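Asker: Structure in structure tokens, see below.
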Amino acid sequence: MPEKESSVPPPGADTPSERYYRELLGKNFLRLALTYLAPLILLTVYFTLQYRAVSREGRRLHLRSVAEHQANMMDLFLSERVVNLANLIDDPKLPLPPTSGLMEALLNRLQKNSPSFVDVGFFDSTGIQRAYAGPLPYLENRNYSHEAWFISLRSGEENFIITDVYLGLRQQPHFTLAVRRIIGGQYFVLRATLDPKSITDYLHSLGESRNTAFSIVNRSGTLQLATPEIGTPMQASPLVPPVSPRIGDQRVRRGHQKVDYAYAWMRTAGWGVVVRDIEGENGVPLLGNLFGVMAFSLAPILVVLSIIVFRSKKLVQMQIERETAKAQFEHAAKLASVGELSAGIAHEINNPLAIISEEVGLIRDLMNPEFKMHTTFDDLIPHLDNIREAVYRCRDITRKLLSFVRKDAIHLKPHDVNQLLDDVVDGLLIREMAVSNIQIVKNYSCELPSIVTDANQLTQVLLNILNNAADAIEPPGAITIATSCASGWLSVAIADTGKGITQEMMGRIFLPFYTTKEVGKGTGLGLSVSYGIVKSLGGDILVESIPGKGSVFTVRLPVS
């Protein structure tokens, strides 16, 4: 089965994988970005949306205010113009009909009141314009009895009329103001024509109207007045407001855009003022302010990003230092374990060396001519085989010792835990246990599955626990090793007949440098390192102990 490399940092290696630290840097950056940037971005989005909503609401209210103000101004303007005409016709000194010179004087008086007056005319009851002053003298003596405005004024209840914009006899857009009076039993009308453009310029000059496009429409949707952005008088209006309510605002779709507009219906005439925000329609101020908000938010975001990058690199550097210290810590624990086993290991190596020495001495005697043994090569083969077996035995002992002690990268692959236990016990501990009069009992499960783990690390854990078990026993004693598997977990239970652990000690046995051994016999690193290794392998260590009777350390590892 191919070996499976792990992406986790190797606790026993000098240099953890660069891939791991790249992943760690990315994870730290993402975590810090979510921690720091997510609230900032959410707040930015929230306040941007709030700003847009408030800006749109403010613009809507502004448009309503402009529309209402312009409608009031137009009502006031038209009312004043009607009063101007009424003052002239109500003058008791006015001759009927007035002379041409007097009509010119009347026009001058009107134009002093408002430059929007174009001309003025005096009509008798038959609808003939008896006197006229203005740029079109040919209109004098013209018959207007069939004009709609004259008919409406004569038959209506009001004493004045304000017409819609029309062409009339002059074939130019204009609208008419006319007042009627009955003087001396006779019906007379004084009419004036107003220029729509001059009124548009006047409204456009108002401070509130400078950034808006406005128009005045009648109830049929025909433009009476309009700024150039909207159209010209007598064209169909692109926006026709509802009659009710009198003042309001709406959003309509025009092509691919949504347009906000406000309106207000006038009281003196059947006209409505429609106002659009030119800048709001083009999006310049809104986008400009929106970009301002984003730019203002971008500065702290960049600062936070710089902090995140710095913090991420700092955390990775701290992790590198932590892993390096951990690797050195674990290696020191290995060396300490080997130091505790040094006497037994030396004895294990000394036995085959003694065999080699004896066999070499025997071969020399057999080959010595003085003894006249007449030894052949075939006679030496058994002795050479013994030497080779002794050498192999030394090699196996040193190989196991070196494989345990040396620093190595983590390698995850399937292993037989029973075989790993045999390698530890038979290769490193059996001699010392025998010398210490400690019996080792193996209760291995025959159906134990292989688990994917690191053999070097697991060997270190098992050796540390077995060493502690041996140190806790006052000979004679026994250590029982049992393996089992249930519910997806493989367990190795190591029970000893030692002194046991008190409840007070139980909470501290996995702390670094905590030991109950005599000075010079323990470092306090074994269980701490073992606990860290088992945790890194996804497992756990459970401890049960009865003071005076012994302890059971159970190493649990996931099968998958």
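Please treat every number below as a calculation from the coordinates, not as lab data. Given the structure is predicted, the values throughout are model-derived calculations rather than measurements. Using ideal geometry, Cβ is built from the backbone for each residue, glycine included, and neighbour counts are taken over all protein chains shown.
Asker: So if each residue of separation counts as 0.36 nm, and I subtract the Cα-Cα distance between residue 375 and residue 37, what length gain in nm does that give?
Answerer: 112.8 nm
Asker: Another question, then. Tell me, 265, 271, 489 in order of fewest to most beta-carbon neighbours within 10 Å?
Answerer: Ranking 265, 271, 489 by Cβ neighbours within 10 Å, fewest first, gives 489, 265, 271.
Asker: Related question: Can you give the FRET efficiency to the nearest 0.05 for residue 318 and residue 447, using r as the Cβ-Cβ distance and R₀ = 51 Å?
Answerer: For R0 = 51 Å, the calculated efficiency reads 0.70.
Asker: For 323, 474, which order do you get if you count the other beta carbons within 10 Å of each Cβ and list the fewest first?
Answerer: 474, 323
Asker: Tabulate in residue order the Karplus-calculated ³J(HN,Hα) for region 212-222, using 6.51 cos²θ - 1.76 cosθ + 1.60 with θ = phi - 60°, rounded to whole Hz; enter x for Gly and Pro.
Answerer: Ordered by residue, 3J(HN,Hα) equals 10, 10, 10, 8, 10, 10, 8, 5, 8, x, 9 Hz.
Asker: From the phi of every residue in region 169-179, what ³J(HN,Hα) in whole Hz does the Karplus formula 6.51 cos²θ - 1.76 cosθ + 1.60 yield, where θ is phi - 60° and glycine or proline is x?
Answerer: Once rounded to whole Hz, the list reads 5, 7, 6, 9, x, 7, 9, 10, 10, 9, 10.
Asker: Given R₀ = 45 Å, FRET efficiency for residue 172-residue 301 by Cβ-Cβ distance, to 0.05?
Answerer: It comes out at approximately 0.15.
Asker: Output ³J(HN,Hα) for region 229-241: one whole-Hz value per residue in order, computed from phi by the Karplus curve 6.51 cos²θ - 1.76 cosθ + 1.60 with θ = phi - 60°, and x for Gly and Pro.
Answerer: Coupling constants for region 229-241: 5, 9, x, 10, x, 6, 7, 6, 6, x, 10, 10, x Hz.
Asker: Need one number: nm distance between label points at residue 141 and residue 422, each 7 Å from Cα along Cα→Cβ, rounded to one decimal.
Answerer: Once both label points are built, they end up 14.0 nm from each other.
Asker: Here's something else I'd like to know. Past 25 Å, Cα to Cα: identify those pairs from 93/197; 112/197; 27/535, in the order given.
Answerer: Table pairs above 25 Å Cα-Cα are 93/197.
Asker: Testing the spin-label approximation: label points 7 Å from Cα along Cα→Cβ at residue 311 and residue 47. State their distance in nm.
Answerer: 1.9 nm
Asker: List 158, 544, 432 from most exposed to least, where exposure is judged by having the fewest other Cβ atoms within 10 Å.
Answerer: 158, 544, 432
Asker: Dividing the Cα convex hull volume of region 1-282 by residue count, how many Å³ per residue is that?
Answerer: 200 Å³
Asker: Still on this model: How large is the Rg to Rh ratio of region 52-135 when both quantities use alpha carbon positions and Rh follows Kirkwood?
Answerer: Dividing the radius of gyration by the Kirkwood radius yields 1.27.
Asker: Given a Förster distance of 30 Å, report the FRET efficiency between residue 220 and residue 151 from their Cβ-Cβ distance, rounded to the nearest 0.05.
Answerer: 0.95
Asker: Right, here's the next one. Once the other residues with Cβ under 11 Å from the Cβ of residue 82 are scored (Lys, Arg +1; Asp, Glu -1), what is the net sum?
Answerer: Charge balance in the 11 Å sphere: -2.
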